[in-house]
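For reference, the structure is listed below as structure tokens.
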Amino acid sequence: MSSFDALLIKVGDQSYAMPLLQIQEIRGWTPVSALPDTDPACLGVLNLRGHVLPVFDARRILGKPTPEPRPQDVIVVAVLDGKPMGLLVDGVSDIVQIDETHITNPTEDEAWSSRIIDGIATIGEQLVPLLALQKIAGDRALALEHAAA
């Protein structure tokens, strides 16, 4: 039996889980520098200790209403293939341990399957989607390349 630690985030009225091993840090909202001709979910970039950090709006990626960023919003910095990526979320709520036997993975023909969700974890009585950060970042590779240039 295998398990892993996950960070629970809030996006709109929904909780999502992100593998804790991919998280570098959690920081408060900082205004970003907008970039032209990038993914619509890319809010812009900011300087993270001398490195360019592209910041994406998780609300837009997940199909939620996208109000202007607020001071109480947070940026979750994930590292994927050695490159940092920021996700603007409404908040973080907890770190939990998820038993892999409590994850349901969709098949392609299931109505609830999504290319950016790795599965649904049962945490207590709550069903929590597991974000597929690698797929989210892969879909936004062009914006990441623009940000790094």
(message) Checking VAL55 against (1) out of contact with any Gly (no Cβ under 9 Å at 6 or more places or on another chain); (2) free of Cβ contacts under 8 Å to residues at least 40 places away in the same chain; (3) not in a loop (DSSP other than H, G, I, E, B): exactly one of these is not met. Which one?
(response) (1)
(message) What pairs come out if I take residues in region 6-28 that are in contact (Cβ under 8 Å) with a residue 24 or more places away in the chain and within 19 Å of VAL96 (Cβ to Cβ) and pair them with residues that are among the basic types (Lys, Arg) and not in a strand (DSSP E or B) whose C-beta lies under 9 Å away, six or more apart or interchain?
(response) VAL11/ARG59; VAL11/LYS64; GLN14/LYS64
(message) Being touching a residue at least 60 places away in the same chain (Cβ under 8 Å), charged (D, E, K, R) and out of contact with any helix residue (DSSP H, G or I) (no Cβ under 8 Å at 6 or more places or on another chain): is that true of ASP94 here?
(response) yes
(request) Return yes or no: is LEU7 under 12 Å from the mean Cα position of the chain (by Cα) and either assigned to a strand (DSSP E or B) or surrounded by fewer than 16 Cβ atoms within 10 Å (Cβ to Cβ) (or both)? (result) yes
(message) Let me confirm something: among THR107, THR38, THR101, which residue is part of a loop (DSSP other than H, G, I, E, B), out of contact with any Asp or Glu (no Cβ under 9 Å at 6 or more places or on another chain) and in contact (Cβ under 8 Å) with a residue 40 or more places away in the chain?
(response) THR38
(message) Taking the criterion of being on the phi < 0 side of the Ramachandran plot and either over 17 Å from the mean Cα position of the chain (by Cα) or not in a strand (DSSP E or B) (or both), would at least one residue in region 75-89 satisfy it?
(response) no
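Residue by residue through region 41-52, note down the ones that are outside any strand (DSSP E or B) and surrounded by fewer than 18 Cβ atoms within 10 Å (Cβ to Cβ).
Hits for region 41-52 are ARG49, GLY50.
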(message) Quick check on my filter: what residues within region 41-52 are in contact with a strand residue (DSSP E or B) (Cβ under 9 Å, 6 or more places away or on another chain) and farther than 25 Å from PRO129 by Cα?
(response) GLY44, VAL45, LEU46, ASN47, LEU48, HIS51, VAL52
(request) Just one of (1) out of contact with any Pro (no Cβ under 9 Å at 6 or more places or on another chain); (2) assigned to a loop (DSSP other than H, G, I, E, B); (3) of a type outside the set (Asp, Glu); (4) within 24 Å of GLU125 (Cα to Cα) trips up GLN72, so point out which. (result) (4)
(request) Starting from residues that are farther than 22 Å from GLY28 by Cα and at pLDDT 95 or above, keep the ones in region 75-98 and report whichever is surrounded by the most Cβ atoms within 10 Å (Cβ to Cβ). (result) ILE98
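The values are calculated or read from the model by the stated rules, or taken from the named source; none is laboratory data. Note that the coordinates shown come from a computational prediction; the quantities given were computed from them, not determined experimentally. Methodologically, a virtual Cβ is constructed for each residue, glycine included, from the backbone with ideal geometry; neighbour enumeration extends over all protein chains shown.
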